[in-house]
Amino acid sequence: MRTISQLLLTFLLNACWQIPLIAALASFCGWLLRHSAPRYRHVLWVAALVLSFLLPAITSSRILHDGIEAATAPQQAVVIEQGTVKPDDLTLLAQATTPVTTTSAIQLSRNLAASLILLYFVFLSYRAYKITRAWKTTRAIKRTAFAIEMSEAVGAIVAKCQTRIGSRRVRILCSDSIPVPITIGLLQPLIILPEQLLKEGNTDLLTSAIGHEFIHIARRDYILNLIYELIYLPLSFNPAAAVLSRRIKQTRELCCDELVAERVLDAHVYARSLVKLAGAAPPLRRLSITTTVGIADADILEVRIMSLLSKPKLDTRWKKLLLIGVSLLLVLPCIAAASFALRFDIAALAASGGQEKEAQAEKEKQERESNEIRERKEEAERRAKREFNEAEDEGLIRHREEEMKTMALMQSALVRLAKISMEQAIQIATSQQPGKVLECSLNGEHWEGPGKLAKDGQVFYHVVIFSDDEANPVKTHVLVNAIDGTIFKVGRELPHDE
C-alpha cells in the first residue's frame, strides 16, 4: 500500500510541472502550424494530451523501481585479516564496496501524504460524477428522441452527404430537447437533429448540420472523445490539462468544418450556416462536460469562420520540414524532462508497544555489529600503515606492493561475484550456530590468476562464532556460500586446541 501511495504521489508531483511544460511546447508548436491544415494541429494536441499522461507515469514508475532496487541491493563489506595494504589500495577497496546513491526523494509525512491522496480522489470522484451525469443526460436524450418522416428534400440532403463523405447509413432522429445537432453512439451512431431545425426547412442549414455530423461519424469522433475524456480524467486536477482538452475539441471542429467545406458545401455558404447553428447553442453547454459531439462543441466561432475563408499557404516541402521540426520540438524536451523527475518518499509509521522495542533492539544490534566490523577494518588499516612505514628493505616493499595489488584485485573480484551481503551471511551462520560473531571475511578458493577465479573456484564467507556457553565455550568456523547462501562446511575449535 505504501508503494502504491508513493507511486501515485510521485505521478502527481511530476504531473504538476511536466503537464504545463508539454502544454507550453504544444502551444508554441500550434503557433508554428497556424497556417497549416487544422488536422495537423488536432494531432498535435492529441499527442500532447497522451504525453501528459505517459511522461509522469513512465518517469514515476522508473524512479520508484530504481529506488526499490537501490534499497534491496546487497552492500558488500571486505575485512582484511592478514597482509600489508597501502592507504591508496584501501581507498580503492572502500570505493568498490560503496553503494551508488539514487535520486534524492522529497520526504513527506504519512499524514500529509494521506491528505493529498484523499484530496486527489475527492476531486477525481467529482470529475467522474460529472462525466456520469453527462452520460445519463445523453441516454435521456436518446430515449426521448423520435424517428422523423423524412421528406423528399431531407432525404436528398442525407443521400448527398452520404455519397460525398462516404459514410455508412446512419439513423437520423429528432428531439425537441436539444438546440443544436448532436451525434451519439459507440457501435451504432445516431444523428439527432433539433425539431426546430427541421421545421424551418432551410436547405443550407440542414445540409451544413447533417454534413457536419456525418463527418463526426466518419472520423469516429464520438468514441475518440470518450477515450480523450478518460485520459484527461486523472490529469484534470492540473489547469494545463484542461487547456489541452479544450484545444482538442476546438481543432476537432475545425477539422470537421474543413471537410464539410471540401466535400459538401461551399465554404461561404457553410460559414453563414455555421454562424446560425453555433449561435443557437447556449454558452454554458459549449464549456461543460459532455459525452456527445456536435457542431457547437467549440467556443471559437470567429476562428472557425476565418479558418473556412482562408486557405493554407505552405507548400509541400516546407510543410514536411515544419512537421518534422514540430515533432522534434515536442518530443525531445519531454525526453529530457524525464531525467529531472522527482520522487516522494513517505515516512513509515513507527511500531507501537512491544514491536517498537523489538525494532529498536534489532536496530541497536545491527549498529553494534556494524561498529565491530568497522573497528576491525580500521585496525587492519592501522596495522597495514604501520607495517608499511616500518619496512626498510626496498625489495620487500616492492614485493608487498605487488602482493597488495593482487589482494585488491582478488577482493574486488570476490565483491563482484558475491550475491549475498556480509550481514546476510552472518544471519545464515548464526541461524545454524547461535553465538557471538567474532569475525567474518569474504574469501575465495582455486584462483586461476590475479583477480581471476578458476571455473571450479568457490566464493564464501568465513564466519567465526563463539558460543555463549561459559562452562564449555566453543569457537565454530562456518563457511557460507556467497552466491546461493548455503552452508557447505562447519568446523568446531575446542578450548584445548588453542
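Of all the residues in the range 1-54, those that are in a loop (DSSP other than H, G, I, E, B), open to solvent by less than 10 Å² (accessible area, probe 1.4 Å) and closer than 24 Å to residue 108 by Cβ number 0.
The rows are residues; the columns are (1) at pLDDT below 80; (2) over 40 Å from the mean Cα position of the chain (by Cα); (3) aromatic (Phe, Trp, Tyr).
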{"position": "453", "(1), (2), (3)": "yes, yes, no"}
{"position": "469", "(1), (2), (3)": "yes, yes, no"}
{"position": "477", "(1), (2), (3)": "no, yes, no"}
{"position": "482", "(1), (2), (3)": "no, no, no"}
{"position": "487", "(1), (2), (3)": "no, yes, no"}
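Please verify whether residue 42 is in contact with a Cys (Cβ under 8 Å, 6 or more places away or on another chain) and either hydroxyl-bearing (Ser, Thr, Tyr) or modelled with pLDDT of 75 or more (or both), treating the condition exactly as stated. It is true that residue 42 is in contact with a Cys (Cβ under 8 Å, 6 or more places away or on another chain) and either hydroxyl-bearing (Ser, Thr, Tyr) or modelled with pLDDT of 75 or more (or both). If the condition is being closer than 16 Å to residue 192 by Cα, in a helix (DSSP H, G or I) and either in contact (Cβ under 8 Å) with a residue 60 or more places away in the chain or among the acidic types (Asp, Glu) (or both), then the range 145-167 contributes only 161.
Residue by residue, here is whether (1) without any contact (Cβ under 8 Å) to a residue 60 or more places away in the chain; (2) among the charged types (D, E, K, R); (3) open to solvent by less than 60 Å² (accessible area, probe 1.4 Å) holds:
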{"site": "191", "(1), (2), (3)": "yes, no, yes"}
{"site": "198", "(1), (2), (3)": "yes, no, yes"}
{"site": "206", "(1), (2), (3)": "yes, no, yes"}
{"site": "225", "(1), (2), (3)": "no, no, yes"}
{"site": "252", "(1), (2), (3)": "no, yes, yes"}
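Taken over the range 411-430, residues that are more than 41 Å from the chain's Cα centre (by Cα) and open to solvent by 50 Å² or more (accessible area, probe 1.4 Å) amount to 0. Look at (1) of a type in the set (Gly, Ala, Ser); (2) at pLDDT 80 or above; (3) out of contact with any strand residue (DSSP E or B) (no Cβ under 8 Å at 6 or more places or on another chain) and you find that residue 418 fails only one, number (3). Would you confirm whether or not the range 32-45 contains a residue that is hydroxyl-bearing (Ser, Thr, Tyr) and more than 13 Å from residue 327 (Cα to Cα)? Yes, the range 32-45 has at least one match. In the range 438-451, the residue that is nearest to the chain's Cα centre (by Cα) out of those that are crowded, with 17+ Cβ neighbours inside 10 Å and not hydroxyl-bearing (Ser, Thr, Tyr) is 442. Yes or no: residue 148 over 30 Å from residue 379 (Cβ atoms), modelled with pLDDT of 80 or more and over 42 Å from the mean Cα position of the chain (by Cα)? Yes: the conditions hold for residue 148. Scanning the range 214-257 for residues that are among the charged types (D, E, K, R) and more than 23 Å from residue 8 (Cα to Cα) turns up 219, 220, 221, 246, 247, 249, 252, 253, 257. Residue selection: residue 125 satisfies the criterion of being loosely packed, with under 12 Cβ neighbours inside 10 Å and among the small types (Gly, Ala, Ser). Restricting attention to the range 208-222, the residues being in contact with a strand residue (DSSP E or B) (Cβ under 8 Å, 6 or more places away or on another chain) and open to solvent by 10 Å² or more (accessible area, probe 1.4 Å) number 2. Flag set for residue 265, criterion: in contact with a helix residue (DSSP H, G or I) (Cβ under 8 Å, 6 or more places away or on another chain), open to solvent by less than 30 Å² (accessible area, probe 1.4 Å), at negative phi and in contact (Cβ under 8 Å) with a residue 24 or more places away in the chain.
Looking at this structure, is residue 130 among the basic types (Lys, Arg) and either in contact (Cβ under 8 Å) with a residue 24 or more places away in the chain or not in a helix (DSSP H, G or I) (or both)? The answer is yes for residue 130. The single residue among 288, 310 that is more than 30 Å from residue 140 (Cβ to Cβ), at pLDDT below 85 and among the polar types (S, T, N, Q) turns out to be 310.
The values are calculated or read from the model by the stated rules, or taken from the named source; none is laboratory data. All values derive from a computational prediction rather than experimental measurement. Cβ atoms come from the backbone with ideal geometry, glycine included; neighbour counts cover every protein chain shown. Areas reflect the complete protein model, heavy atoms only, side chains present, ligands, DNA and RNA absent. Shrake-Rupley method; radii C 1.70, N 1.55, O 1.52, S 1.80 Å.
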